[in-house]
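Below is one structure, written out as structure tokens, with a few remarks after it.
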Amino acid sequence: MFNATTGVSPLLQYGVQPKGVLSLINYNWVGMDNLPTCKPVSQYLAELKGHLETTHEFASQHAQKAQEQYAKYCNALAHHKTFQVGE
């Protein structure tokens with residue numbers, strides 16, 4: 001299923017089933033998953049910031065296009081209405 005605004009599936013957007021911070025910590029605590037430790041935190045945060053900025057730009061562009069399409073469709077069905085005093 002595709003998101004109408006972004007135009008991509010949530011799974012395709014992340015590449016895998018997304019995991020939240022709490023689930024990552026939980027998996028690490030119970031030994032189901034090991035958190036990567038190969039990067040310094042500052043490098044990881046810098047890369048994360050870059051990925052988030054790219055994703056934001058992509059989503060903003062698609063949201064703008066979707067908004068224009070929504071407005072075009074809505075305006076095509078709208079009719080001019082006039083009212084008289086007392087109606």
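Considering only residues that are assigned to a loop (DSSP other than H, G, I, E, B) and either among the aliphatic types (A, V, I, L, M) or modelled with pLDDT of 90 or more (or both), which ones fall in region 54-83?
Going residue by residue through region 54-83, those that are assigned to a loop (DSSP other than H, G, I, E, B) are 78-83.
Of everything in region 54-83, just one residue is assigned to a loop (DSSP other than H, G, I, E, B) and either among the aliphatic types (A, V, I, L, M) or modelled with pLDDT of 90 or more (or both), namely A78.
Tally up the residues in region 20-40 that are polar (S, T, N, Q), assigned to a loop (DSSP other than H, G, I, E, B) and modelled with pLDDT of 70 or more, please. Reasoning before the result, please.
Here is the first cut: in region 20-40, the residues polar (S, T, N, Q) are 23, 26, 28, 34, 37.
Among the residues that remain, those that are also assigned to a loop (DSSP other than H, G, I, E, B) are: 34, 37.
Then drop every residue that is not modelled with pLDDT of 70 or more, which leaves none.
Matching residues across region 20-40 total 0.
In region 41-50, is there at least one residue being modelled with pLDDT under 85 and outside any helix (DSSP H, G or I)?
No; the residues of region 41-50 include none that is modelled with pLDDT under 85 and outside any helix (DSSP H, G or I).
The values are calculated or read from the model by the stated rules, or taken from the named source; none is laboratory data. Since the model is a prediction, treat every value here as computed from it, not as a measurement.
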